[in-house]
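The values are calculated or read from the model by the stated rules, or taken from the named source; none is laboratory data. None of these values were measured; they are calculated from a predicted model. In this analysis, Cβ positions are derived from the backbone assuming ideal geometry, glycine residues included, and neighbour counts consider all displayed protein chains. All accessible areas refer to the heavy atoms of the entire protein, side chains included, with ligands and DNA or RNA removed. Shrake-Rupley method; radii C 1.70, N 1.55, O 1.52, S 1.80 Å.
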There are 2 protein chains.
Amino acid sequence: MNIASKKPSVQDRRSRDMRAKICNATVACLDQLGYAETTFAKVQAKAGISRGAITHHFPTKQALVAATAMRLLDNAQTPIWNRGRPPPPVYELIMSSWANIVNSSGGRAIVEILVACRTDTALFGLLEQSLRDWDRSNLDLISGQYVSVTGSREDTDLLWSIARNFLRGLLLHEKFVSSPEYLTQMMDRFARMMESQLQVLPETQIQIEDAE
Amino acid sequence: MNIASKKPSVQDRRSRDMRAKICNATVACLDQLGYAETTFAKVQAKAGISRGAITHHFPTKQALVAATAMRLLDNAQTPIWNRGRPPPPVYELIMSSWANIVNSSGGRAIVEILVACRTDTALFGLLEQSLRDWDRSNLDLISGQYVSVTGSREDTDLLWSIARNFLRGLLLHEKFVSSPEYLTQMMDRFARMMESQLQVLPETQIQIEDAE
DNA sequence: CTTTACAGACCGACTGTTCTGTTTTTATGA
DNA sequence: TCATAAAAACAGAACAGTCGGTCTGTAAAG
């Protein structure tokens, strides 16, 4: 509430580093082992730390995964064109979102978490609001740079929502696709279909921000 | 190989009924509890049978889930218009696929299984070929009734593949959608977009089959 | 001297699997 | 047709291993 983050004390820093190390190991476990097999023991081994370190920072498995999810969402929040450059064409944005965000270790971990949320009520309770908020702000960030053929902002939102869900669904199907080329063709076909409905806002006013 | 299925003996029938009861309970567990929490104990309780009955028919958890998946796929193979009626318009097919197939207990169970396959190599090995085959034959079944604006069969396949992946992805997002209406709007928008790319084959020749 | 950050032992509950009985069905052979 | 052995369909106990969570101990920071 106040003018927070006054002193980055030694303990604060140690804590923060340890939490980062734990969450990174958790992402790797979620990606490689899935939510169920992501246990305290596995995370501990992967991070090369002790059991107590984990339980000290994250009392329950749900707390650990929820914290990991928040961290992943923060990373995924910043879009690809954040360097002050103009937003990429629709086709390029969709292609790079797949390669760099959805089909990455973090993206696969997020999907594991989303699936777990469906049946793990404790985890769902911890993440519901955050995920809704992220959804909203991420949509604002992207939809602000594109416009649909209908010209309506709601339609732009809908189209990007559709894109996100398609990419996530593709992740489930990836291991069963008939050939790698077919996956590329699906991506291409979808991106071209979206391209016919969306385009970069012409009069884009680039917001200059102090980087870092 | 031969003129199989000569005698549906008493044991065969008992076996078949028991397997059906077990798999139905497994579907319910997968839907309500997720793959990880779908244990022998839970399935046993849900089906109201003994522990031995399950392990007799399905030696491992992966075998149980794989058999359940096959059963679900068989049910989902028959499309919605199978009563000799002509295929529905693209919009209606997409809408009813969501409501009756993807977002059903069986559809949710399938998604749980697909996610599990990503990290459970034993399960993946049991299901890989079957899932590929189902994918192919299901695509043949549907794509045979529709034609894309490009006129190419490959494009029709791609478009229906896209639809399937979108619907599955939507399942992951469902609990975090801002409002039920928004989900309806996404469905509507996607279906209209597909409608602009696909239509029912005009010269559909209906195959007459002796029904049951 | 208090609090925090970690280390690691400990615990009951539950997991998937194996195992041994018991009942029911089937095959056999006279 | 009917006794009987073999096989299949179940029932349920037993087991070693792992799970998430708790608990005490120790060193460093405040």
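Would you check which residues across region B:144-168 are over 18 Å from residue A:181 (Cβ atoms) and more than 10 Å from chain A (Cβ to nearest Cβ) and list them? Selection gives B:144, B:145, B:146, B:147, B:149, B:151.
Among the residues that make up region A:38-51, is at least one of them more than 16 Å from DNA strand D (Cβ to nearest atom) and within 30 Å of residue A:184 (Cα to Cα)? No; the residues of region A:38-51 include none that is more than 16 Å from DNA strand D (Cβ to nearest atom) and within 30 Å of residue A:184 (Cα to Cα). Only one of the listed residues (B:80, B:54, B:94) is farther than 21 Å from residue B:129 by Cα and touching a residue at least 60 places away in the same chain (Cβ under 8 Å). That residue is B:94.
The set of residues in region A:124-167 that are touching a Cys at 6+ places or on another chain (Cβ under 7 Å) and surrounded by 22 or more Cβ atoms within 10 Å (Cβ to Cβ) contains only A:127.
Among the residues of region A:111-120, is any open to solvent by 20 Å² or more (accessible area, probe 1.4 Å), more than 12 Å from every other protein chain (Cβ to nearest Cβ) and either farther than 22 Å from residue A:198 by Cα or more than 16 Å from DNA strand C (Cβ to nearest atom) (or both)? No: region A:111-120 contains no residue that is open to solvent by 20 Å² or more (accessible area, probe 1.4 Å), more than 12 Å from every other protein chain (Cβ to nearest Cβ) and either farther than 22 Å from residue A:198 by Cα or more than 16 Å from DNA strand C (Cβ to nearest atom) (or both).
Residues of region B:169-189 that are open to solvent by 20 Å² or more (accessible area, probe 1.4 Å), under 18 Å from residue A:134 (Cα atoms), facing chain A (nearest Cβ under 7 Å) and in a helix (DSSP H, G or I): B:175 alone.
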